[in-house]
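This report concerns only the one structure given below.
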Amino acid sequence: MAESQLVCMEDGLMPTAVPESRPQFYYSEQQRAALEMLLAHGDGAFKSLLKDEKSQDFLSAREIKAITNTFVKYQHEEDDGGASENRAKRDASDSMRSTYWPQMSDTDVPPLDLGWPSSGLFKGVTRVCVYTHPPKENSPHIKEVVRKLIQESCKVVAIVMDLLTDLQILRDLFEASQRGVPVYIVLDELGTPHFLDMCNRMQVGAKELQNVRTRSVKAVGLNLSLGRIPGNLHSKYMLIDGDKVMFGTYSFSWSSSRMDRNMITVMSGQVVDFYDNDFRELYAASDKLDLFKEFHLNKPQTGTLSRAAVPKRPVAATSRFQVNLGDVKVPEHKYHNPKYLLALGQIPGRTATMEDFLKTMDPPNPENPTEELENLTHVPSETGKKESKKPRTLSLKSRGSWWRKQNKEASEAVIEENTPVDAPKHTLPADQTSEDAGKKKKRGTFKNIFKKAK
């Protein structure tokens, strides 16, 4: 029902008439009466009514043809075969259908059962990229941009489209579904048969549809006393992973990508929240479209995750820090790990219990404590000198001599190991002595440099 009609049904609310010159002009009762005359008696009666009321013709020839072709009459009970039976059931029932005007829907909201990325967080600065067909300034084709967004998706793909019949885009959506990406599709009610026809030509299977949820939505339309004039869904956008959105005039069809002039905009940032909320509203107001039922497919069984077998816990003892192991075998390395002492209730040991260990310990003699003190002997230190607690510091000169001494001892040890038994010790080859002489010469030069610096 149109929004203006809902406003008129409010109790005690009579909206003021808005002239056509004001931008707030939206609905006119004269136009509604003219539409009913057009649908009941034809175009001639429609033109004559407008002439009598001195109103301008507000419909083009194309709109008149579309309205007359899509108009749907209401179905009355008298039109059915069992009119008398339905009337008897209605009289016998105690329900008050004519007075039932719920403010909220009495059906549950369809859940996004495949998952949905969390929203409400700051998504950064809004960034905009515009693409056209035909492409401009060496930019990619709009179909290439759309396919790349679908192929790079990893969280979710949500589409609101009037016509979805492009073969390559459908394949990309089903491939995304097979790799585990949830795919939600909301289609216009008039474009739904064309979508089902293309899926039937592709011969889609149950695995391809496992992570796909499709629904159809009706446009606002206009309800009259004779019937209803349906509208079209012209919203065309696609949400990717909850942080990108593509919208514009491009419909996902072959003719739209090849023959029509279109423009799309890809945006990221905080503006995505608006499309996120709009998609949820359309998804809640849409009707279910079960693809498994349409194509006579069996839903794949999603097996439950098998849990690993958990061993039974041993019966607990009186203390909460001990466990009565019973016949449970404990590995050997756990006997010597301190963290298992609380579980075993004893100190490390394979067979000895705590009582046996305490019996092996001889307590001191309380009657003669001096005897125990005499048995204690002092262990002298190896050096016999008290070590100074003050840390030892070395000067720069002493450090250098200590380092040279260590290197000398190490080199002598290496020489003694490599020289034969018969050769005299502390003798070096001629080459090595020349190298040592060169090193000493260099050290002398460094000493002279340090002396000059001082």
(message) What does DSSP give for region 127-294 in terms of the percent of beta bridges that are antiparallel, rounded to the nearest 5?
(response) 70
(message) Using a 7 Å offset from the Cα along the Cα-to-Cβ direction at both ALA40 and VAL271, what is the distance between the two label points in nm, to one decimal?
(response) 4.7
(message) Need the full-extension length gain, ARG201 to GLU152, defined as separation in residues times 0.36 nm minus the C-alpha distance. One decimal, nm.
(response) 15.1 nm
(request) For region 127-294, give the magnitude of the charge dipole about the Cα centre (Cβ charges: +1 Lys/Arg, -1 Asp/Glu; no others), in debye to the nearest 20. (result) 160
(message) Please report the equivalent ellipsoid semi-axes of region 113-167, computed as sqrt(5 x eigenvalue) of the Cα gyration tensor, largest first, in whole Å.
(response) 25, 18, 10
(request) Grab the other residues whose beta carbon is less than 12 angstrom from that of VAL217, score K and R as +1, D and E as -1, and report the net. (result) -3
(request) Go through LYS143/LYS288; LYS148/LYS244; LYS155/LYS207 and tell me which ones have a Cα-Cα distance over 21 Å in this structure. (result) LYS143/LYS288
(message) Please report the net charge: other residues with Cβ closer than 14 Å to the Cβ of ASP241, K and R +1, D and E -1.
(response) +1
(message) Could you check the spin-label model distance between ARG62 and LYS293? Points 7 Å from the Cα along Cα→Cβ, value in nm.
(response) 3.6
(request) Could you estimate the translational diffusion coefficient of region 127-294 from the Stokes-Einstein equation, with Rh from the Kirkwood formula over C-alpha pairs, at 25 °C and 0.890 mPa s, in whole µm²/s? (result) 149
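Every number in this text was worked out from the coordinates using simple rules, so none of it is lab data. All values derive from a computational prediction rather than experimental measurement. All Cβ positions, even for glycine, are placed from backbone atoms using ideal geometry, and neighbour counts span all protein chains on display.
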